[in-house]
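Below: one structure, written as structure tokens.
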Amino acid sequence: MLSDSSLFDLFGDSRKPAQSGTFNPFAELHYLVIDDMDAARQSLKNTIQAMGGFHIDVAHSYTDAASRLRKQLPDVILCDYILGSGRDGQQLLEQLRRNDVIPESIAFIMVTTESGYEQVVSAAELIPDDYITKPFTPEMLRNRMERILRKKIFFRHYYNMKAEGRLDDAVAELDMISGFAKAKAYRIELMRYRTETLVAAQRYDDAIDRYREILDIHPFPWAKAGLARVFKLKHQLDEARNEIDEVIKIAPNYFEAYDLKANICCEMGDFAEAQETLSRAAAQTPRNYVRKRTLSNVAALNGDFETAISVMNEVLTHDKIGDISIQDRLTLGRASIENGACMAARTVLEEIPENQLKAAAEDEKTDYECLMAICESDSEAGRTRFERLRLNLMQKTSPGVDLGLDVIRVALVYVDVQLADKVATRLLEDNEDNGTVNAILSVYRNKDKEWHFRDLQEVVASRNK
């Protein structure tokens, strides 16, 4: 991957007048071509070579591309939209960006034969830098790449500041370069980058004003979704839900909106609507296993343990790209326990590799012990495991929600209401959203202790006034 200094030499400083002479950086750039068809990969490689490119790597699948990118980053990615096995380039782009595998400075160009693809990506939150329709000539590709790379250079200082967490400096950088003559070509990008950086800096009121300015220009789905996200961060959940419902209505293929709506619904305690929303999105994106993991968790919160088990089993069987984590097996084990299948849960938990369990975070190890103790509740080994756990759990000051719920589960199984109530009280004090309250309620309800929890909730509420 080229360094900033190399890019400066090739493109010149975007803050200064353009240098005279031929613009020909392509021989120095490093490329990654992603296509599942041998002939198409070779054709793309030939096209890059014809315009002067030499450093070209190729990937034949979604998995191969993700593996190569983790080892070495190129300057330019050319990715076919259809990658086989139900995968597509948009899914790959979203995975790479959200997992911080590729920085914003890398150019991502989608290659497609679908003339209507522009309408698809216009609704996406994470869009490619450009797309090009096959067939195309070396000159066409060169023109597209020149435009993209000049934009990357124009914003390169902003990208660096944002990546370093210097958010106020990043906003100031955008304010400064917006006054340059070249900024006119990047008007919407400047507004979008500035607003997203304000959100990252927790300057929510400023971000709301900026999103509204953008929406006055055009009702971009990503801007309405951004506004919904800010409302959620400000705990204005009704406003957030109204905005994201509008996004789904005007852009039904914008699947990130479904994820955000489900998140909002969970925080409101509406697990049924969250599950229905994710189910719709998952049906149209069957290979998005990140979304299916979330669906499994939400289905369990909704009390639909059969769906939770079925979806997580599908993830464990078919996800060949994401690593099967200890959390995946804990999720499946937990749902199996709640569905009354402790033997199946124990089998799942015992399948966790020993090295994975040793490397797990402390809360994950404790979670594992809680679930195993529930599975062994009819034996002396289970009682011994629980008593050993109890000493540690009584001293734990602030458990996370997932661990806290499992502690309540195991405590109620062993009729230790004191421990269950102590942990439930901490969760109620630390988490005021309806989602957490309803999740705790469902655990007590499953043990016929709903009204006991209601009394506890009233005590905590009166104490917090």
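Could you go through the stretch 382-394 and let me know if any residue there is buried (at least 19 other Cβ atoms within 10 Å of the Cβ) and under 16 Å from Lys447 (Cβ atoms). Yes, the stretch 382-394 has at least one match.
If only residues of the stretch 34-88 that are of a type in the set (D, E, K, R) and within 19 Å of Pro135 (Cβ to Cβ) are counted, the one that is surrounded by the fewest Cβ atoms within 10 Å (Cβ to Cβ) is Asp38.
For beta carbons closer than 6 Å, sequence separation of 6+ or different chains, a first residue in the stretch 145-163 that is touching a residue at least 12 places away in the same chain (Cβ under 8 Å) and a second that is assigned to a helix (DSSP H, G or I) and of a type in the set (Asp, Glu), the qualifying pairs are His157/Glu173; Tyr158/Glu173; Met161/Asp169; Met161/Glu173. Pairs linking a residue in the stretch 187-199 that is farther than 16 Å from Asp209 by Cβ to a residue that is among the acidic types (Asp, Glu) and buried (at least 20 other Cβ atoms within 10 Å of the Cβ), with Cβ atoms under 8 Å and 6 or more positions apart or on different chains, do not occur.
Please enumerate the residues belonging to the stretch 96-116 that are over 24 Å from His157 (Cα atoms) and either buried (at least 19 other Cβ atoms within 10 Å of the Cβ) or modelled with pLDDT of 80 or more (or both). Met110, Val111, Thr112 - these are the residues of the stretch 96-116 that are over 24 Å from His157 (Cα atoms) and either buried (at least 19 other Cβ atoms within 10 Å of the Cβ) or modelled with pLDDT of 80 or more (or both).
Taking the stated definitions as given, is Val290 part of a helix (DSSP H, G or I) and either under 20 Å from Asn431 (Cα atoms) or under 18 Å from the mean Cα position of the chain (by Cα) (or both)? Yes, satisfied. Restricting attention to the stretch 246-276, and to residues there that are assigned to a loop (DSSP other than H, G, I, E, B) and of a type outside the set (Asp, Glu), which single residue is farthest from Ala223 (Cα to Cα)? The selected residue is Gly269. Is it the case that the stretch 322-334 has a residue that's under 15 Å from Glu276 (Cα atoms) and not in a helix (DSSP H, G or I)? No, because not a single residue in the stretch 322-334 is under 15 Å from Glu276 (Cα atoms) and not in a helix (DSSP H, G or I).
Scanning the stretch 396-453 for residues that are surrounded by fewer than 18 Cβ atoms within 10 Å (Cβ to Cβ), within 25 Å of the chain's Cα centre (by Cα) and assigned to a loop (DSSP other than H, G, I, E, B) yields Gly400, Asn431, Glu432, Asp433.
Considering only the stretch 335-364, state which residues are in a loop (DSSP other than H, G, I, E, B) and not polar (S, T, N, Q). If you could, list the steps in order and put the result at the bottom.
Filtering the stretch 335-364 down to residues in a loop (DSSP other than H, G, I, E, B) leaves 339-341, 351-353, 360-361.
If the condition is that a residue be in a loop (DSSP other than H, G, I, E, B) and not polar (S, T, N, Q), then Gly340, Ala341, Glu351, Ile352, Pro353, Ala360, Ala361 are the ones that fit.
Checked against (1) at pLDDT below 70; (2) buried (at least 19 other Cβ atoms within 10 Å of the Cβ), Phe23 meets all criteria but (2). Could you count how many residues in the stretch 125-166 are surrounded by fewer than 18 Cβ atoms within 10 Å (Cβ to Cβ), farther than 20 Å from Leu29 by Cα and not assigned by TED's automatic domain parsing to the domain that holds Val111? Qualifying residue count, the stretch 125-166: 4. Cβ-Cβ distances below 9 Å connect the following pairs, each with a first residue in the stretch 214-241 that is basic (Lys, Arg), a second residue that is buried (at least 22 other Cβ atoms within 10 Å of the Cβ) and not in a helix (DSSP H, G or I), and a separation of six or more residues or different chains: Lys224/Ala251.
Against the conditions (1) touching a residue at least 24 places away in the same chain (Cβ under 8 Å); (2) closer than 22 Å to Met268 by Cβ, Lys182 satisfies every one except (2).
The values are calculated or read from the model by the stated rules, or taken from the named source; none is laboratory data. Predicted, not measured: the structure shown is a model, and the values here were computed from it. Virtual Cβ from ideal backbone geometry, glycine too; neighbours counted across all protein chains shown.
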